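Structure first, commentary second.
The values are calculated or read from the model by the stated rules, or taken from the named source; none is laboratory data. Predicted model, so just to flag it, every value in this text is computed and none were measured. Cβ placement follows ideal geometry from the backbone for every residue including glycine, while neighbour counts extend to all protein chains displayed. Note: areas computed on protein heavy atoms with side chains; ligands, DNA, RNA excluded. Shrake-Rupley method; radii C 1.70, N 1.55, O 1.52, S 1.80 Å.
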Amino acid sequence: MKRSSLIYGFDPHALRTAGRQYPPVDITLQDLGRLGIPARKAPRVMQELQALACADPSLRGRKTLLRLARQIAAQLL
């Protein structure tokens, strides 16, 4: 295996969020599917939404989280 394959083959954000438990948000995976977010992106979007809601309590509104979910999904590869 090439060194570059090893370096680029893992998610660098996985180490940042390993072992952290965030409180649940009021959005389900079905809600993310209705927004058009693919199933492969949904867990990562949900994880980012939980982290944002934990960091800033003003972002815990349902409408705000749905808008943020669209923006997060657009930025994920």
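Check each of the trypsin sites (Lys or Arg not before Pro) in region 31-65 and keep only those in coil by DSSP with at most 15 other C-beta atoms within 10 angstrom; list them in order.
ARG40, ARG60
With all protein chains present and a 1.4 Å probe, how do LEU29, LEU65, LEU35 order by accessible area, largest first? Don't jump to the answer; show the numbers that get you there.
Values: LEU29 95, LEU65 0, LEU35 45 Å².
Per-residue accessible area, sorted high to low, gives LEU29, LEU35, LEU65.
First select every other residue whose beta carbon is under 14 angstrom from the beta carbon of ALA74; then total the charges, Lys and Arg +1, Asp and Glu -1.
Numbers: positive: LYS41, ARG44, ARG67, ARG70; negative: GLU48.
That works out to +3.
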